[in-house]
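To start, the structure itself, in structure tokens.
The values are calculated or read from the model by the stated rules, or taken from the named source; none is laboratory data. It should be emphasised that the depicted structure is a prediction, and the values quoted were computed from it without experimental measurement. Here the Cβ positions follow ideal geometry from the backbone for every residue, glycine too, while neighbour counts run over all protein chains shown. The protein model used for the area step is the full one, side chains on, heavy atoms only, and it has no ligands, DNA or RNA in it. Shrake-Rupley method; radii C 1.70, N 1.55, O 1.52, S 1.80 Å.
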Amino acid sequence: MPHVDVPATHSGAAIGISSHISKVPSADFGPLNNNSTSAEPPNRNGLVLPIFVATIFLSSLLVFSVQPMFAKMVLPLLGGSPGVWNTAMLFFQIMLLIGYIYAHLITRLLGIKWQVCLHISIMSIIFSFLPLGVAKGWTPPAGNAPVPWLIGLFAVSVGFPFFAVATNAPLLQRWFSHTKHSSAADPYFLYGASNLGSILALLSYPLFFEPLLTIHKQSLAWGWAYAVLVGLLVICSVTVWRRYSPATATDCSQYTTISVSTESITKPQRLHWLALAFVPSSLLLGVTMHITTDVAAVPLLWVLPLMLYLLTFVIVFARRPWLPHNWMVLAQPFFLIPLGFQRFSGLILNIALPMAAFFVSTMVCHGELVKRRPQTNHLTEFYLWMSLGGMLGGVFNVLIAPLLFNSVIEYSLMVVLACFLRPWHVPTQRWITAPDVLWPTLLLAVLGGPLLMGWHPTDWGIAGILIFCLVLGLGTYSFRHKPARFGLGIGTVLLLTSLLGTQDTVLTRERSFFGVNTVQRTEMGDYHLLVHGRTIHGAQHTDPTRWKEPLTYYHHEGPLGQLFSVFQESGITLHQIAAIGLGAGTSACYRQPDQYWTFHEIDPKVVMLAQDPRYFHYLSECGGNADIVYGDARLSLSTAPNQHYDLLILDAFSSDSIPVHLITREALALYLQKITPSGILIFHISNNNLELSAVIGNLAADANLVGWIQRYRVKNDDQRSQYYMSSDWVVMARPSTDFRILDEDSRWERLTPDPSARVWTDDYSNIVGVLKISQQH
């Protein structure tokens, strides 16, 4: 199953982070106005500002590092899935909101000395939770709804430590506003340090901590950094205790070029804060899911939208924004309108355009937040509503959207809602009027009617395509001064362009915690395809006479077909066979009458599609009495009898987000425990972005196994048209196993280890090190 190697959401991700980073950053940590008459003279500021900056910076770094670290800890329990990361982000959003509620309440209800005593006491209690680790005795449920269980596991394991660290950003800013420092009147700029700390953690985890440190050592390092944080907090506490000045927290509009609300907070204003935080948070998860599911499931691709999200806060809350807000408002239509046509472009543009549109739209939303930030006596309430909006964005994407939609429709929906939040050209106008609905509807009718009746722009050649694009693009662009009208226009663009193209017919689409699976019928109607994102996991002829013919990576001429031929020709007896990963059930075509097959599959939706005779017939025609076991393979396989299987096929790595915990030293030890002394292991390691042969080779050498590898490539277009696919396969066996016949087959070569790389374990893995792009350079 797919695995999102975490930063963040994620898989920031994809998000908890989204609420945390929805704070008000600044690119400038210096005073906003050193001529303030209400604060101490500049020469008495001393180290107050550096201490607060360092504390907030370290606090944010710890928040962002604990998220990917602990998400990786729980991957062996649920398999490598984007759902794990997104659920982790939802949990962290919830805890962040609780932390902001805490910060808001204690600053409203307690005096500064009681605030200091309470907070330092809570921070001290956290030492009893260190080092961080997964709580004992938690077994994931079998089935399709592990979200409540996973949130509970996170709460028991790291909930309290994360809560404590997450409270620091708004609380320290509020404390700083009472320090008599020359910049205390406008402490919002301190969130520049917060966001830079978040970005550093985001980059350093996959590039530094994950490749160099085991999970256990990462946890220990986090504990030591936490001790430093507590020390810095004590210094901040003493500082605010000694320098406390209730008069400092005043109207700060005079100290900055950014507009600041000085009026009392109204209900519409709070709801506006909520919406301006909700949409970017949901859009962050949506664009990450869209790109990794529908464009390219490149490992670590989640890093880019998350960094862009963080960067928007750094920019928009700077005293002199690098990209002015009005520029972003003007630029937004030029990035959103082409979104509908990206499906007709190459891979690079398919990634770059959604990223750019996400960045500009988030800049617009966060820029509107800047314009509406209150004075410091409402500071914690402002962050509270922003945090609530970020959390609701996570709730919508993780819990609600999968129930409402069978594809990643929430991405397009948030793009439209982002347009609704554009600034009004005339502030006093109504939010939406009848013409705002009428004009986009007319555009939809004029261009969509012919499409539904079978006309296609290509029927008129290049001229037809140009006319269609110009009318659609210019018509939508003319709506840009009316937010609601422009939003509906963008919705029209996305809807109409989805009707274009010569895509295969979608027969059904099923969405689960583990991703989106689609069954398609090819344009000629001769094949059914099982697609996860953009990875084909199975194909079958629609001709009943060819239902038993294996296709894709499993065809007779490929490595798997060769191996089963060798088994028969060599008289190797295989009675009990297990396969990790079901797909469309294609490998069942190699089952013999005297064999008993067991499939281990983590996603119930995949099983449902493979067993549905409307789509696939491999299991019904070839599977016989095959058994299907639900759940993560390591957990379900652990319940099987020892020395039970003659052959174990591991086919869970063709998606570009892989379950790392299935290719570790501990996992291999489990496989060897479950196969007979003469048993054989087969790994399918085809992957667009990861070179896994060295990982498997090191595991084989570490376990004193012999191995062979074949990199099969299709020979011609005729094979490709029949859905014969290139694939990479590895065979492993104990040295005593009489399977050296592959040494005589020139198509196979000996599997060799990579001495420069460490063996992967449950405590250590390095996705960056096996990226094909990194190896090319």
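Structure summary
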{"read-out": "Paramagnetic reach from Trp547 in the stretch 582-605 [backbone N under 19 Å; point 7 Å along Cα→Cβ]", "value": "583-593"}
{"read-out": "Where labels lie 7 Å past Cα in the beta-carbon direction, separation of Thr139 and Leu466 in nm", "value": "6.8"}
{"read-out": "Per-residue HN-Hα couplings for the stretch 435-441 [Karplus 6.51, -1.76, 1.60; θ = phi - 60°; Hz; x = Gly/Pro]", "value": "x, 5, 8, 5, 5, x, 5"}
{"read-out": "Solvent-accessible area, 1.4 Å probe, carbon plus sulfur percent, for the stretch 395-554", "value": "67"}
{"read-out": "DSSP-assigned coil residues among chymotrypsin sites (Phe, Trp or Tyr not before Pro) in the stretch 363-428, each with at most 14 further Cβ atoms within 10 Å", "value": "Trp424"}
{"read-out": "Spacing of the two label points (7 Å from each Cα toward its C-beta) at His216 and Asp612, in nm", "value": "4.6"}
{"read-out": "Efficiency of FRET from Cβ geometry, Leu499 and Asn377, R₀ 56 Å, rounded to 0.05", "value": "0.60"}
{"read-out": "Surface accessible to a 1.4 Å probe, per residue, for the residues of the stretch 573-637, Å²", "value": "34"}
{"read-out": "Per residue accessible area of the stretch 171-247, 1.4 Å probe, in Å²", "value": "33"}
{"read-out": "Cα→Cβ-extended label distance, 7 Å offset, between Ile125 and Ala225, nm", "value": "2.4"}
{"read-out": "Protection-proxy order for peptides 484-497, 623-636, each taking the mean of Cβ atoms within 10 Å per residue, highest first", "value": "484-497, 623-636"}
{"read-out": "Theoretical FRET efficiency, 1/(1+(r/R0)^6), r = Cβ-Cβ of Asp743 and Thr639, R0 30 Å, to 0.05", "value": "0.25"}
{"read-out": "Accessible surface, per residue, of the stretch 686-776 when the full set of protein chains is kept, probe 1.4 Å, Å²", "value": "49"}
{"read-out": "Extension gain (nm, one decimal) between Arg320 and Leu442, 0.36 nm per residue minus Cα-Cα", "value": "39.7 nm"}
{"read-out": "Whole-Å distance, taken between Cα centres, linking the stretch 347-423 and the stretch 167-189", "value": "26"}
{"read-out": "Pairs from Lys217/Lys674; Lys371/Lys482; Lys267/Lys371; Lys180/Lys267; Lys72/Lys605 whose Cα-Cα separation, in the structure shown, is over 21 Å", "value": "Lys217/Lys674; Lys180/Lys267; Lys72/Lys605"}
{"read-out": "Model label zone, Trp114; criterion: amide N under 20 Å from point 7 Å along Cα-to-beta-carbon; scope the stretch 368-401", "value": "377-381"}
{"read-out": "Surrounding net charge for Ala633, when Lys and Arg each add one and Asp and Glu each subtract one, Cβ distance under 12 Å", "value": "-2"}
{"read-out": "Chain lengthening between Ser756 and Val768 when straightened (0.36 nm per residue, less Cα-Cα)", "value": "2.9 nm"}
{"read-out": "Rounded percent of accessible protein surface that carbon and sulfur make up, the stretch 207-248, 1.4 Å probe", "value": "76"}
{"read-out": "Amide H within-cut-off set for Ala579, under 5 Å, with H built and near neighbours excluded", "value": "Thr598, Phe599, His600, Ile649"}
{"read-out": "Difference of contour (0.36 nm per residue) and Cα-Cα distance, Leu349 to Met524", "value": "60.1 nm"}
{"read-out": "Assigned charges on the beta-carbon of Lys, Arg, Asp, Glu; the stretch 576-677 dipole about Cα centre (debye)", "value": "100"}
